[in-house]
Amino acid sequence: MPYDYLVLGSGIAGLYAALLAAKHGSVCVLSKGSITESNSARAQGGIAAAIGPGDSPAQHREDTLRAGAGLCDPAAVEVLVQEAPSHIRALIELGVPFDTTHGAVALGREGAHSAPRILHAGGDRTGAAIERVMVERATEAGVTLLDNHAVTALFVEQGRCRGAHARSVAGEHRTVAATRTILATGGAGQLYTLTTNSPLATGDGIALAFQAGAVVRDMEFVQFHPTALALPSARAFLISEALRGEGARLLASDGRRFMPHYHPDAELAPRDIVARAIIAEMQRTQSDHVLLDITHRDPAFVAARFPGIYQHCLSHELDITRTPAPVAPAAHYLMGGVLTDTWGRTTMPGLLACGEVANTGIHGANRLASNSLLETVVFSQRAVAGTLDQESAALPVPADARPLAPHDTAPPDRATLQALLGDHAGIIRDGHGLRAAAAVIDSWPTASGQPATLTAMELRNMATVARLILHAALDRRESRGAHYRRDYPQLAAQWRRRLSYRRSSS
Ligand code: SIN
């Protein structure tokens, strides 16, 4: 018997969808790694919702639209901000232990938000706290959780998605049939050497959906988090924007505070602006990092408010209450993804998407901080709700979707691909580099048939997503939000449109 719902991915979007879907039918969740390993579980800062005194969904909407640099879908943003407060209540009812102050939910501040509206849990362990509750509730709800199962392809018959083909870590192949399949596989930060993402974030969902014929959109917009720990001995580790919300300052390696020279909101400017300013300061000082300084705040406050970051840095012999942390930008979030409407519907019947893998249009060219955890709950709830009364509907393929010929290659290894994208499709790009990188990908050997190993599967998926990023970045001949081209440094009114891609038949 097919499951009523198959959910691919076990981050917060996938588990929340599974939990809600379990009220309406049988549910199976497939997770590539362990059930709790996801980008969601690494989210620190929190989840945005306009619930504070003097704040409003209208203000949250304006901040989201401004950060998105003219490319957000206003109707989708309206859904996000209006539904946020009720989802916070639902999360609290499910048992999420948001931090409180004086008996009320504590609200932090992050870049480009005009009000304190970031709820957090366990200080800076918000994602892990929500993920833990989701795993418990999904288990209680009788959801079948299959960990260590990588999806090798969507199971498509007569143009309809009917589940997925998967391979267990032990090498067993199985087909999981389902009436509806919900993609919630997260992002693709592993396309870059420096990333805050989980090692599992290889863009699988986007690649699988694109390979199966679904339309993807906004792939040129990759968000780089401005402040990842940059110690020679440690991998990149997120240092939450919430530190800057609590007053941390960015200093160049020569000790000069620089953000006030780049933007009136200084350290709390939108992320793309802070990331580019850091790159400029690193170049000016010939350094591989800048410094994030919170040493002026009470050490006990810093250690209690940011226990995860404080402990992680201490484990690398860095006490952030005494010494500024070396930081540099790292790949963090992909605004692009599988095209959906606000009900999670994709252009493929039977296939829905929610969370980072989806492209609803809420983020435009640059995501507002902490809207990503919010998106996971708002749009996974709607994806499930939509199946109850719009059963077989799929989105029409947009008339302007650009055909991209299939060219399924695989890089020799992950590091080669990461270096290529870092060099040519990072924070600052140009046409010459983008074209050269696309040519390199096309020159790699063709990946044909079912990949024999998880590594081979991930490499093929990463090459597919990399190719989409490169083509979209080449096609957008302007600079907007997170997409900055030194050969087209201006924002151009004629480019206030979204770029969609579909796989052509040859
Ligand atoms: C952070 O804590 O800085 C990350 C939050 C986000 O990416 O929205």
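The values are calculated or read from the model by the stated rules, or taken from the named source; none is laboratory data. The structure presented is a predicted model; accordingly, all values stated were derived computationally and were not measured. For neighbour counting, all protein chains shown are included, and Cβ atoms are generated from backbone atoms with ideal geometry for every residue, glycine included. These accessible areas exclude ligands, DNA and RNA; they are computed on the full protein's heavy atoms, side chains included. Shrake-Rupley method; radii C 1.70, N 1.55, O 1.52, S 1.80 Å.
So is residue 396 touching a His at 6+ places or on another chain (Cβ under 9 Å) and either open to solvent by 40 Å² or more (accessible area, probe 1.4 Å) or modelled with pLDDT of 95 or more (or both) or not?
On the way: touching a His at 6+ places or on another chain (Cβ under 9 Å): no; either open to solvent by 40 Å² or more (accessible area, probe 1.4 Å) or modelled with pLDDT of 95 or more (or both): yes.
It is false that residue 396 is touching a His at 6+ places or on another chain (Cβ under 9 Å) and either open to solvent by 40 Å² or more (accessible area, probe 1.4 Å) or modelled with pLDDT of 95 or more (or both).
When the stretch 126-151 is filtered for residues that are of a type in the set (D, E, K, R) and away from the ligand (no atom under 16 Å from the Cβ), the ones remaining, listed by number, are 132, 136, 137, 140, 147.
Residues are listed down the side, and each one gets a yes or a no for (1) out of contact with any Leu (no Cβ under 8 Å at 6 or more places or on another chain); (2) without any contact (Cβ under 8 Å) to a residue 12 or more places away in the chain; (3) over 19 Å from residue 188 (Cα atoms):
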| site | (1), (2), (3) |
| --- | --- |
| 433 | yes, yes, yes |
| 444 | yes, no, yes |
| 448 | yes, no, yes |
| 452 | yes, yes, yes |
| 456 | yes, no, no |
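Just to verify a result, which residue in the stretch 225-247, among those that are open to solvent by 20 Å² or more (accessible area, probe 1.4 Å) and touching a Phe, Trp or Tyr at 6+ places or on another chain (Cβ under 9 Å), is nearest to the ligand (Cβ to nearest atom)? Step by step, filter the stretch 225-247, then rank; the result is 246. Residue-level check: of (1) surrounded by 19 or more Cβ atoms within 10 Å (Cβ to Cβ); (2) over 25 Å from the mean Cα position of the chain (by Cα); (3) within 16 Å of the ligand (Cβ to nearest atom), residue 250 misses just (2).
Residues that are within 15 Å of residue 362 (Cα to Cα) and among the hydroxyl-bearing types (Ser, Thr, Tyr) were ranked within the stretch 328-347; the one that is nearest to the ligand (Cβ to nearest atom) is 333. Can residue 129 be described as crowded, with 19+ Cβ neighbours inside 10 Å and closer than 30 Å to residue 250 by Cα? In short, yes.
Residue count for the stretch 270-293, restricted to those that are within 16 Å of the ligand (Cβ to nearest atom) and surrounded by fewer than 22 Cβ atoms within 10 Å (Cβ to Cβ): 1. Residue by residue through the stretch 1-60, note down the ones that are part of a helix (DSSP H, G or I), within 16 Å of the ligand (Cβ to nearest atom) and either β-branched (Val, Ile, Thr) or under 15 Å from residue 380 (Cβ atoms) (or both). 12, 13, 40 - these are the residues of the stretch 1-60 that are part of a helix (DSSP H, G or I), within 16 Å of the ligand (Cβ to nearest atom) and either β-branched (Val, Ile, Thr) or under 15 Å from residue 380 (Cβ atoms) (or both). If only residues of the stretch 357-375 that are more than 12 Å from the ligand (Cβ to nearest atom) and of a type outside the set (Val, Ile, Thr) are counted, the one that is surrounded by the fewest Cβ atoms within 10 Å (Cβ to Cβ) is 361. Looking across 123, 187, one residue alone is open to solvent by less than 10 Å² (accessible area, probe 1.4 Å), under 27 Å from residue 466 (Cα atoms) and within 16 Å of the ligand (Cβ to nearest atom). It is 187. Flag: residue 350 matches the condition of being at positive phi, more than 14 Å from the chain's Cα centre (by Cα) and away from the ligand (no atom under 16 Å from the Cβ).
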